[in-house]
Amino acid sequence: MSVQQRRIILRHIDEPGYTADIDCYMKHGGYATLQAAIKRPAADLVQEVVDSGLKGRGGAGFPCGVKWRFISPKNTKPVYLIANADESEPGTFKDRQIIHKDPHSAIEGIILSAYAIQAKQAFIYIRGEFPMGAKILMLAIEEARAKGFVGENICGSGYSCDIVVHRGGGAYVCGEETGLIESLEGKRGYPRIKPPYFPAVLGLYQCPTIVNNIETLTTVRYILEMGGKEYAKIGVPNDAGTHIWGVSGMVQKPGYYEIEAGKATVGQLLNELCGGPLPGRKFKAIIPGGISTKLLRFGEKFKIKDADGNEKEIGVEDIPLSAPGLMACGSSLGSAGMIVMDDSVDMTEVLANTNAFFAHESCGQCTPCRYGSLWIAKISKRICEGQGRLEDVDLLKSLADQVEMRTVCALGDALAWPVQSSVNKFRDEHLAKIQAQLDGKSLEPKQPWSLVK
Ligand SMILES: Cc1cc2nc3c(=O)[nH]c(=O)nc-3n(C[C@H](O)[C@H](O)[C@H](O)COP(=O)(O)O)c2cc1C
């Protein structure tokens, strides 16, 4: 049987006649969950989210309800909620679909979550390059305010919460939650030194703050509609619910596909839903979850355990689309932005492009990232410009190893993983390119290709 999408978050998106305005949203059941849930004790809502097993959709996959419980019950300071709509990870474009096409589902999710953690002020931090998204959200908030779903005395409950849309300046590092908080406070977006490890302890204006990805918060609306325990039945153990896969690159039908976690494989997504490779081409590699996740090469084999605990060997096409499935094969789900490359692609160019991105986006606060990203990008560039040396391949790996886990924020890991995986898996290709240049030959020209357009 062919694989099907399971649309929960995107359930109405793309339906003929479905629009972003509040009347349309309410005709489809919108804000009914808020009206019912706001009558319940806030702690019940947190429990529902804990029961659901929802993990964050921003990349790190931290359990949402557990994070909410980090706010001390003894806290007396104001609590803030921040919806992270920075969506700065190249290859990721799921949040934009929600913001543009169903903004009220995000707003309902934000108010429900704010109520659960008893925040009276919520923010949506949206990247500077999304002016349309910011406008749509601001209009939607005004519509929701006019109907009593945002602002004072929401639904007559006595609970009040406002939402402010804040546009970032367009920096990848401001998607990192503490860099984001600094930026929201009006400062340079430098990620904060840890500890404290969680903004739930010390966040915005030194107050407890929950930062969640905007898809995570939108999902809360659907969890509270169906109940946490019901939601937990969707997906696979350790990965509840659905993922919106944003597929870009060399497939017939790039786009976004909402799939129940673990219920389809990479091959089913790419061949059945995305229509397969471009004419005459073969898949060569994927970056599964946004540019910072480790590359997977078609043809490589992985040993994983099946449901009965027996070991079996699978290829990239057989990897289940879930956090545990991808982790078992040495990569990660990240933000589910899958970049597909076929046999026309020069992997050395891909790596150079990726490295240029990270060098540009490193905030420069800590030395390993500032210099590591710079040297990695320089070496990659010289390889692409015919100035490479054979030892450069190991040098790239050594630099990446020295950056990994040694930086203030996870941008250092994000820049190291593509280098490590590309050098491990495409060593032959990188070396062949350098050797051909040293021999004065040029390899078969590859399609010019850019990750950072
Ligand atoms: C360099 C960097 C960039 C990030 N960019 C984003 C982003 O654009 N959107 C996002 O939701 N999370 C991003 N994150 C993850 C956030 O720090 C944080 O984990 C997330 O917003 C928490 O939400 P969640 O638990 O709902 O996933 C980024 C992390 C790093 C290290």
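The values are calculated or read from the model by the stated rules, or taken from the named source; none is laboratory data. These numbers were taken from a predicted model, which means no experiment stands behind them. Cβ sites come from the backbone with ideal geometry, for glycine too, and all protein chains shown count toward neighbours.
Listed by position, the strands (runs of 3 or more DSSP E) enclosed by the range 299-412 that each have at least 1 residues that are small (Gly, Ala, Ser) are 311-315, 337-342.
So that you can scan it fast, the table gives a plain yes or no per residue for (1) out of contact with any Lys or Arg (no Cβ under 7 Å at 6 or more places or on another chain); (2) without any contact (Cβ under 8 Å) to a residue 40 or more places away in the chain; (3) within 24 Å of Phe62 (Cα to Cα):
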position	(1), (2), (3)
Leu321	yes, no, yes
Cys329	yes, yes, yes
Asp346	no, no, no
Gly372	yes, no, no
Ala377	yes, yes, no
Arg382	yes, yes, no
Glu385	yes, yes, no
Asp392	yes, no, no
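Inspect all residues belonging to the range 312-326 and state whether any of them is among the charged types (D, E, K, R) and surrounded by 19 or more Cβ atoms within 10 Å (Cβ to Cβ). No, there is no match, as no residue in the range 312-326 is among the charged types (D, E, K, R) and surrounded by 19 or more Cβ atoms within 10 Å (Cβ to Cβ).
When Ser88 is tested against (1) outside the structural domain of Ala134 (by TED's automatic domain parsing); (2) under 16 Å from the mean Cα position of the chain (by Cα); (3) hydroxyl-bearing (Ser, Thr, Tyr), only condition (1) is not met. The sole residue among Gly186, Gly255, Gly228 that is without any contact (Cβ under 8 Å) to a residue 40 or more places away in the chain, more than 26 Å from Val3 (Cβ to Cβ), of a type outside the set (Lys, Arg) and away from the ligand (no atom under 15 Å from the Cβ) is Gly186.
When Ile99, Ile71 are checked against the criterion of being in contact (Cβ under 8 Å) with a residue 40 or more places away in the chain, among the β-branched types (Val, Ile, Thr) and in a loop (DSSP other than H, G, I, E, B), a single residue qualifies: Ile71.
Considering the range 81-118, and only residues there that are of a type in the set (D, E, K, R) and within 13 Å of the ligand (Cβ to nearest atom), the residue that is surrounded by the fewest Cβ atoms within 10 Å (Cβ to Cβ) turns out to be Arg96.
For the range 258-281, give me each residue that is free of Cβ contacts under 8 Å to residues at least 60 places away in the same chain and over 14 Å from Ser2 (Cα atoms). Within the range 258-281, Pro279, Gly280 meet the criteria. Of the helices (runs of 4 or more DSSP H) lying entirely inside the range 149-251, the ones with 3 or more residues being buried (at least 24 other Cβ atoms within 10 Å of the Cβ) are found at 177-184, 214-226. Tally up the residues in the range 194-240 that are under 21 Å from the mean Cα position of the chain (by Cα) and under 21 Å from Tyr31 (Cα atoms), please. So the count comes out to 13. Selection over the range 282-305 of residues that are surrounded by fewer than 16 Cβ atoms within 10 Å (Cβ to Cβ) and either in contact (Cβ under 8 Å) with a residue 40 or more places away in the chain or among the hydroxyl-bearing types (Ser, Thr, Tyr) (or both) gives a count of 2. Note on the range 22-58: among residues that are in contact with an Asp or Glu (Cβ under 7 Å, 6 or more places away or on another chain) and assigned to a loop (DSSP other than H, G, I, E, B), the one that is nearest to Ala146 (Cα to Cα) is Tyr31. From the list Lys39, Lys55, the lone residue that is more than 16 Å from the ligand (Cβ to nearest atom) and either within 21 Å of Ile223 (Cβ to Cβ) or crowded, with 22+ Cβ neighbours inside 10 Å (or both) is Lys39.
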